[in-house]
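Undergrad: Have a look at this one before I ask anything.
The values are calculated or read from the model by the stated rules, or taken from the named source; none is laboratory data. What you see is a predicted model, and the numbers here were worked out from it, not measured in a lab. For neighbour counting, all protein chains shown are included, and Cβ atoms are generated from backbone atoms with ideal geometry for every residue, glycine included. Ligands, DNA and RNA are excluded from the accessible area calculation, which covers all protein heavy atoms including side chains. Shrake-Rupley method; radii C 1.70, N 1.55, O 1.52, S 1.80 Å.
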Amino acid sequence: MWIKPQEVLLAGALWVTEQANPFFTLQRRKGHGTKGLSSLLVGTLDSVFDTKPPPYRIIHHTPSSELSYVVACALSQNEILGDWEWLVNKLLKTLESFDTEEEATDYVRCKIESLLAHNNSENYQNLHDDSFQFKTSATKFANIFGMPEEEKLVNYYSCSYWKSRVPRQGWLYLSVNYLCFYSYLFGRETKLIIRWIDVVHLERSNTVFFPESIWVATREKEYYFSMFLKTGETFRLMEQLANLAMKQLICEETFQADKDLAQKSSRNVPKKPSYLKRDLDARAHSEAYRMTFRLPRDEKLDGSTECTLWTPYNKQHVWGRLFISCNYICFESRVKNLVYVIIPLREIALVEKVDSNSSMNVLQDALILTTNSKVNFLFAQLPDRDFLLEKISELLAKVPVNHRPATNFKETGTDDLSEDSNPYGSWNPQPALSTLFPVEISSHVEAEEAKKLHLWNIHFAEYGRGICSYNNSRAQELVLKGIPDKLRGELWMLYSGAINELETHPGYYVWLVEQSRGRCTVAAEEIERDLHRSLPEHPAFQSEIGINALRRVLTAYAWRNASIGYCQAMNIVASVLLLYASEEEAFWLLVALCERLLPDYYNTKVVGALIDQGVLEDLTKDHLPDLYQKLEPLGILSMISLSWFLTIFLSVMPFASAVNIVDCFFFDGAKVVFQVALAVLEANKDALMQCKDDGEAMTVLSKYLESVMNYDATLPHMMHSAPLCWKGQKNQQEFIDVNDLIYNSYSKYGFLTSSMIERLRLKHRLKVVQNLEDTTMRNVIRSVQSDPFISTWLSQKELLDLFYVVKEDQLTQQSWGRTSGVAQDKYDPTLPFFEHYRIDFEYFRLLFVTLTPWGGGQNPELLARKVFQLLDLNEDNMINFKELALGLGILCRAGLEYRLKLLYACHLLNKDVEVETEHPSTEDTEVASEDTQYCYHITK
């Protein structure tokens, strides 16, 4: 390929001339494709200094000049020969006609640069293309480690791998699925290949023996890498890739590069070595952006810039950062919690520049955004106002018009369901249940509610109401005191971000209800069992109105998200949501809770809750070390976190008190549950330190939580039947005000941030997911070993090795998108463990030829096909792990009798095929069918 001419002073150093003429020389890197001392020396130099030049190049030179210019380079000989022929045919005669060498050199440089410009104009749209240097490294990575083209390199870094306390200088290659290291020093080669899904621990450490190093641990070995030029960047990228691998194990989804995300046109985004690196960086920035402003999961950050925001309530210009994405414009002040603003593009009516000669001439480079509700937002000191205005105009042109999902209810086959035959009741969404089932309250509580409502009205008048309002610490102060019932649903929707999904998906909930009603599913059966024990103390759920609303919300969500379906804790949370929000709003609040605020909590393995168990243990160890030392042997922290976090304290605390914690949760996110948990543990520290066993410690915590009262609550004090509840009598002196508990949690642990929690979650996600994988592996081996034939023929160690082989193939097929035959299903707890690990014929053929004695015969392909068909009992072109173990056990370890039976079964299977081909009679068909069934079960 042509490159911009680069000066070369020593043209012959470490290069061998292949062809030459008076103006050009074709060279090959010394030692390339050969063996010997020169190859050893040059290979070592290239490995240590990462020169990594392409092995072929063409230089331009003139007879009397000391300088030469590299004009082309290539990875293959054929490619460089094509460029050489072009130069000889197109330029050589022209260059011979010039009077001076300077003219010839100028002509060559201009010609090469024009070729480059032409090629760049043709490939202008391919912004995701990597640099030639990176492509060279990617090719070297694939060749060294034998990777297919589907395995994409993300980045590479110079470092040392410590082997037996001796550093080996080399290069660390980070790809989507692998961590690889290669070192070549004076003929000694060091090569490592580690799958990200095998990593159980990843930590940045600094010890005497391994200074400023990165520690990577798998189940079998530990690895230390140090001497990085960019340790922080390397570790962050390793964390991202390991996190993607763990999510792949949890969700069984593969990583797909988002080229649109990697090539955003924002001017303040520096170009990275590869488009995959840009993609991962963009994902990290988008995730932080969505978390900060509670935006939908598919929102992608386009860019950001420094500017000021005019705050009319105090008449000041506040410095901060403006963020722009496809559907939102957001602003956050430099000073935390001073002010932040969320402006959906769907709400913007006008964008215009502020002229410097206007009455606001003190402003420089300002823009005014006017919303549909006539609210103005003034941004100034914008570095590139015209570009920003053009970008906003471009995004506004793409804002979709809200519409109902394109579904005709009459086409779904459910329009003929009458109200009497429909167990779901009317699908028309209901308002908040607390308005339909009011509860009598005292005059004191009514006065407190009116006072809170008055303070919020003042807040709305000063800072605005709804999504386009100025949010600051004043709102947090009001939330900590408890949101009044009349505003709770509205503010939950606002602070959780659920309002955005409700506004952009009109009619979606009603459509889901129509789609899901009357369907018999596992989730629907579980929901029916839990409906009447969700919040039975409240009159709303003693009525069919409340029960039907709860059924619709839970069933609609299970239909929306089949990977989660239904989890037992969801009914408690959804019932409380329905008290304060309309039915449709409760659904979107549940979506926000399950998919954004508490990710991976409500799946079949409750991975998110298990991860947060470890996070709580770390926080307790750091901030309450004495108590941690006491509770850690008892296992209390792991016991309490599931019940506390899954229901946001609703199942362990009186509902009237727990809703105040839910207020804070929707406002500040998941960090609130950790703050409250630490405050509860600290409040009971003295009593817990005196406990002798886990039962006594649980009793202490249960007493305390049931004693938390909300004196301003409009709900009655309702006891529930959660296992941690304490039913004993309590004196007035033992009551704890929930407002005091919340205040203490913020005053002592308010320094916790969402980013801190996310970093701790990443650390524990590796451990939790790998523990779940180990548990799954043990269950698979145990279920297969229960077969007496398999346990006789194959040892546990051999089954374990075979399991890893099958799992490796399954993950490889999944990662590289090569799954053939029947695709792997999502995790289904109703299936046997071994059914989740299956292979196709191509991989079975490889195992058959490699492992079995029959694989060395004259026709192994035909035998492999017959044995595979025999083992494939359900005829889906896949065999599960148990069937594979049974087949290999017979072929490799069974006696002669069983092998002959297997061979005869294969013969009968062939006979059956021949009979079907010859159009047999009914009698022959019955005999063949009986023989075939005998073939399928002969090994049992």
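Undergrad: Between a residue in segment 619-637 that is of a type in the set (F, W, Y) and any residue that is crowded, with 17+ Cβ neighbours inside 10 Å, which pairs come within a Cβ distance under 8 Å, given they are 6 or more apart or on different chains?
TA: Note: pairs meeting the criteria are Y628/E617; Y628/T620; Y628/L637.
Let's see how each residue does on (1) over 38 Å from the mean Cα position of the chain (by Cα); (2) at pLDDT below 85:
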| site | (1), (2) |
| --- | --- |
| P829 | no, yes |
| F834 | no, yes |
| F844 | no, no |
| N880 | no, no |
| E883 | no, no |
| K911 | yes, yes |
| E914 | yes, yes |
| A928 | yes, yes |
| Q933 | yes, yes |
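Undergrad: Out of curiosity, is L554 under 18 Å from A592 (Cα atoms) and either of a type in the set (A, V, I, L, M) or open to solvent by 10 Å² or more (accessible area, probe 1.4 Å) (or both)?
TA: yes
Undergrad: Looking at the structure I just gave you, is I392 at pLDDT 90 or above and in a strand (DSSP E or B)?
TA: No; evaluated as a whole, the condition is false for this residue.
Undergrad: Just checking, how many residues over segment 834-856 are assigned to a loop (DSSP other than H, G, I, E, B) and not charged (D, E, K, R)?
TA: Matching residues across segment 834-856 total 2.
Undergrad: Same structure, new question: List every residue pair whose Cβ atoms sit under 6 Å apart, with the two residues 6 or more apart in sequence or on different chains, where the first one lies in segment 506-531 and is within 16 Å of A549 (Cα to Cα) and among the hydroxyl-bearing types (S, T, Y) and the second, anywhere, is open to solvent by less than 50 Å² (accessible area, probe 1.4 Å) and at pLDDT 90 or above.
TA: Every condition considered, the pairs that remain are Y509/E584; Y509/F587; S516/T555; S516/A556.
Residue-by-condition table, conditions (1) at pLDDT 80 or above; (2) open to solvent by 50 Å² or more (accessible area, probe 1.4 Å); (3) over 19 Å from Q27 (Cα atoms):
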position: A74; (1), (2), (3): yes, no, no
position: N78; (1), (2), (3): yes, yes, no
position: S97; (1), (2), (3): yes, yes, yes
position: E103; (1), (2), (3): yes, yes, yes
position: A117; (1), (2), (3): no, yes, yes
position: N123; (1), (2), (3): no, yes, yes
position: S137; (1), (2), (3): yes, no, yes
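Undergrad: Do we find that F293 is within 19 Å of the chain's Cα centre (by Cα) and crowded, with 19+ Cβ neighbours inside 10 Å in this structure?
TA: Yes; evaluated as a whole, the condition is true for this residue.
Undergrad: Take the conditions of a type in the set (G, A, S), buried (at least 20 other Cβ atoms within 10 Å of the Cβ), in contact (Cβ under 8 Å) with a residue 12 or more places away in the chain and under 30 Å from F665 (Cβ atoms) and apply them to S286. Does it pass?
TA: Yes.
Undergrad: Please verify whether segment 674-681 includes one or more residues that are touching a strand residue (DSSP E or B) at 6+ places or on another chain (Cβ under 8 Å), among the aliphatic types (A, V, I, L, M) and either in a loop (DSSP other than H, G, I, E, B) or crowded, with 17+ Cβ neighbours inside 10 Å (or both).
TA: The answer is no; no qualifying residue exists.
Undergrad: Pairs under 7 Å by beta carbon, first residue within 21 Å of S473 (Cα to Cα) and without any contact (Cβ under 8 Å) to a residue 60 or more places away in the chain in segment 299-323, partner hydrophobic (A, V, I, L, M, F, W, C) and assigned to a strand (DSSP E or B), six or more apart or different chains?
TA: V318/L309; G320/L309; G320/F331; F323/L301; F323/C330
Undergrad: Could I ask something else about it? If you check every pair at least six apart or on different chains, which have Cβ atoms under 8 Å apart with a residue in segment 163-174 that is open to solvent by 70 Å² or more (accessible area, probe 1.4 Å) first and a residue that is of a type in the set (F, W, Y) second?
TA: R165/F209
Undergrad: Check D618, D686 and return the single one that is open to solvent by 10 Å² or more (accessible area, probe 1.4 Å), more than 30 Å from V591 (Cβ to Cβ) and part of a helix (DSSP H, G or I).
TA: D686
Undergrad: If you don't mind, another one. Being surrounded by fewer than 19 Cβ atoms within 10 Å (Cβ to Cβ) and farther than 10 Å from V199 by Cβ is the filter here, so list the residues in segment 214-227 that pass it.
TA: The answer is W215, E220, K221, E222, M227.
Undergrad: Note down all Cβ pairs under 6 Å where the first residue falls in segment 774-801 and is free of Cβ contacts under 8 Å to residues at least 24 places away in the same chain, the second is hydrophobic (A, V, I, L, M, F, W, C) and surrounded by 15 or more Cβ atoms within 10 Å (Cβ to Cβ), and they're at least six residues apart or on different chains.
TA: I781/L799
Undergrad: Something else now. So M653 fits all but one of (1) of a type outside the set (K, R); (2) open to solvent by 10 Å² or more (accessible area, probe 1.4 Å); (3) in contact (Cβ under 8 Å) with a residue 24 or more places away in the chain; what number is the exception?
TA: Here M653 meets the rest and fails (2).
Undergrad: Further question: Residue check: is E501 open to solvent by less than 60 Å² (accessible area, probe 1.4 Å) and more than 37 Å from the chain's Cα centre (by Cα)?
TA: no
Undergrad: I would also like to ask the following. Could you tell me whether L237 is under 28 Å from Q476 (Cβ atoms), modelled with pLDDT of 85 or more and open to solvent by less than 10 Å² (accessible area, probe 1.4 Å)?
TA: When the stated conditions are applied, L237 does not pass them.
Undergrad: Checking S563 against (1) in a helix (DSSP H, G or I); (2) in contact (Cβ under 8 Å) with a residue 12 or more places away in the chain; (3) touching a helix residue (DSSP H, G or I) at 6+ places or on another chain (Cβ under 8 Å), which test does it fail?
TA: Unmet for S563, out of (1) in a helix (DSSP H, G or I); (2) in contact (Cβ under 8 Å) with a residue 12 or more places away in the chain; (3) touching a helix residue (DSSP H, G or I) at 6+ places or on another chain (Cβ under 8 Å): (1).
Undergrad: Can you pull out every residue in segment 186-207 that is closer than 19 Å to R236 by Cα and not small (G, A, S)?
TA: If the condition is that a residue be closer than 19 Å to R236 by Cα and not small (G, A, S), then I194, R195, W196, I197, D198, V199, V200, H201, L202, E203, R204, N206 are the ones that fit.
Undergrad: Considering only segment 510-538, state which residues are part of a helix (DSSP H, G or I), out of contact with any Gly (no Cβ under 6 Å at 6 or more places or on another chain), buried (at least 16 other Cβ atoms within 10 Å of the Cβ) and not aromatic (F, W, Y).
TA: V510, L512, V513, E514, Q515, S516, A524, E526, I527, D530, L531, listed by residue number.
Undergrad: State all residues of segment 784-807 that are among the aromatic types (F, W, Y), more than 11 Å from L888 (Cα to Cα) and buried (at least 20 other Cβ atoms within 10 Å of the Cβ); if no residue qualifies, say none.
TA: Once the filter is applied, which keeps residues that are among the aromatic types (F, W, Y), more than 11 Å from L888 (Cα to Cα) and buried (at least 20 other Cβ atoms within 10 Å of the Cβ), segment 784-807 yields only F803.
Undergrad: W492 - would you say it is open to solvent by 30 Å² or more (accessible area, probe 1.4 Å), in contact with a helix residue (DSSP H, G or I) (Cβ under 9 Å, 6 or more places away or on another chain) and either over 17 Å from S434 (Cβ atoms) or part of a helix (DSSP H, G or I) (or both)?
TA: No; evaluated as a whole, the condition is false for this residue.
Undergrad: Yes or no: L590 within 21 Å of the chain's Cα centre (by Cα), modelled with pLDDT of 90 or more, surrounded by 22 or more Cβ atoms within 10 Å (Cβ to Cβ) and farther than 21 Å from I757 by Cα?
TA: Answer is yes for this residue.
Undergrad: To continue, here is another question. Are any residues in segment 453-464 free of Cβ contacts under 8 Å to residues at least 40 places away in the same chain and surrounded by 17 or more Cβ atoms within 10 Å (Cβ to Cβ), and if so, which ones?
TA: W456, H459
Undergrad: Scanning segment 135-169 for residues that are in contact with a strand residue (DSSP E or B) (Cβ under 7 Å, 6 or more places away or on another chain) and hydroxyl-bearing (S, T, Y), which turns out nearest to A217 (Cα to Cα)?
TA: Y161
Undergrad: While we're here: Can you tell me which of (1) without any contact (Cβ under 8 Å) to a residue 40 or more places away in the chain; (2) open to solvent by 10 Å² or more (accessible area, probe 1.4 Å); (3) among the hydroxyl-bearing types (S, T, Y) is the one T714 doesn't meet?
TA: Checking T714 against (1) without any contact (Cβ under 8 Å) to a residue 40 or more places away in the chain; (2) open to solvent by 10 Å² or more (accessible area, probe 1.4 Å); (3) among the hydroxyl-bearing types (S, T, Y), the one that fails is (1).
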